[in-house]
1. In the range 226-251, how many are over 18 Å from the mean Cα position of the chain (by Cα) and either surrounded by fewer than 14 Cβ atoms within 10 Å (Cβ to Cβ) or among the aromatic types (F, W, Y) (or both)?
2. Give the residue that is modelled with the highest pLDDT, with candidates limited to residues of the range 146-192 that are of a type in the set (S, T, Y) and closer than 16 Å to T251 by Cα.
3. Only one of these conditions is not met by H224: (1) out of contact with any helix residue (DSSP H, G or I) (no Cβ under 6 Å at 6 or more places or on another chain); (2) touching a residue at least 40 places away in the same chain (Cβ under 8 Å). Which number is it?
4. Name every residue in the range 76-97 that is under 28 Å from Y262 (Cβ atoms), modelled with pLDDT of 90 or more and aliphatic (A, V, I, L, M), in order of residue number.
5. Checking the conditions here, which among T128, T152 is in contact with a strand residue (DSSP E or B) (Cβ under 7 Å, 6 or more places away or on another chain) and surrounded by 14 or more Cβ atoms within 10 Å (Cβ to Cβ)?
6. Would you say S188 is assigned to a strand (DSSP E or B) and of a type in the set (S, T, N, Q)?
7. Restricting the search to the range 108-137, which residues are more than 30 Å from T167 (Cβ to Cβ), part of a strand (DSSP E or B) and of a type outside the set (D, E, K, R)?
8. So which residues in the range 238-260 are under 18 Å from N190 (Cβ atoms) and modelled with pLDDT under 95?
Amino acid sequence: MYRLVDFAGVTLPKANVESEVGTVGTQLALAPYRGGVLDADGTGRAAGQYPYPLPYKVEIVGASLATLRTELDALRALRGVSGTLRREGLDALGTYQTATARLLQVPELRTTRNVYFHPLTLQFLVLTPWYATTPREQDYSGSELLTTVPDTVTLPNAGQLPITQVTITVVVVDDPLTEVRIAADDASTNFSYVNPLAVGDTLVIDTGAWRVTQNDIDTPDYLHIGGGHRRPDLLQIAPGGSTFNVSLVGTGGTSTIRFDYYEMYE
């Protein structure tokens with residue numbers, strides 16, 4: 001229940017629209033053998049198959065040929081452009097999701113009847129999942145997490161896809177830290193940052209890029225992967241949310257840790 005709204009900042013026509021609004025295809029991980037087929041995903045969810053085509057059939061309607069030409073030229077100029085494609089929920093007008101796409105072609109079939117309206121098809125290639133436009137910001141105070149016994153932190157996920165791109169920001173307020181630990185109960189996520197953090201320091205962990213900075217300086221040598229960690233990503237927030245054990249190890253105080261991420265949709 002979505003409709004495409006704009007691409008690369010250009011409003012899309014809305015007359016007589018016919019558009020594909022289904023899901024991405026499935027990327028299979030199958031290996032046939034004599035007894036059948038081995039499914040490498042097991043009981044887990046298979047990954048989406050990106051990129052995928054998204055055709056958008058529409059008509060441009062105008063009161064004059066000059067008006068039609070202006071609107072058409074604006075769309076034709078986007079051929080080959082990679083940009084943000086935005087869609088709106090029909091049941092929640094004003095609520096948007098975005099994906100990165102490339103406009104491959106703008107086919108236009110004209111007949112003698114097409115004077116003040118022109119049918120055309122925008123051939124998009126969608127490169128990413130659809131993201132919520134507003135990020136989640138989960139803040140926690142170090143007054144609860146400054147302990148050698150980890151505290152439980154729940155990260156919600158109202159989207160339909162697992163989230164692996166999370167920015168974790170630790171700000172040391174009034175007492176130094178010696179370590180930041182994040183782990184799941186089953187240790188499938190298990191990593192820590194082990195390096196002194198002085199008052200005023202800021203630690204940023206980008207889980208999607210596997211990048212760590214302390215005061216804007218790359219410090220990858222201090223990121224340690226713990227035993228049992230078995231994800232290709234540092235962590236994953238499952239649809240519905242996931243719980244992690246977090247410790248800010250130090251002498252006490254009111255340091256903060258924040259998790260920023262975007263929920264994703266099919």
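The values are calculated or read from the model by the stated rules, or taken from the named source; none is laboratory data. Values in this document were obtained by computation on a predicted structure and should not be read as measured data. Positions of Cβ are backbone-derived with ideal geometry, glycine not excepted, and every protein chain shown enters the neighbour counts.
1. The number of residues fulfilling the criteria is 7.
2. Taking the range 146-192 and keeping what is of a type in the set (S, T, Y), we get 147-148, 152, 154, 164, 167, 169, 178, 188-189, 192.
Imposing the further condition that a residue be closer than 16 Å to T251 by Cα reduces the set to 147-148, 178.
Working: T147: 62, T148: 58, T178: 92.
Among those residues, the one meeting the criterion is T178.
3. The one condition H224 does not meet is (2).
4. The answer is L78, V81, L85.
5. Numbers: T152 fails: surrounded by 14 or more Cβ atoms within 10 Å (Cβ to Cβ).
Only one candidate qualifies: T128.
6. Numbers: assigned to a strand (DSSP E or B): no; of a type in the set (S, T, N, Q): yes.
Judged against the criteria, S188 is not a match.
7. Step one: list which residues in the range 108-137 are more than 30 Å from T167 (Cβ to Cβ), which gives 108-123.
So of that shortlist, the ones also part of a strand (DSSP E or B) come out as 108, 117-123.
Selection gives F117, H118, P119, L120, T121, L122, Q123.
8. First pass over the range 238-260, keeping only residues under 18 Å from N190 (Cβ atoms): 238, 242-249, 257, 259.
Residues satisfying the conditions are A238, S242, T243, F244, N245, V246, S247, L248, V249, I257.
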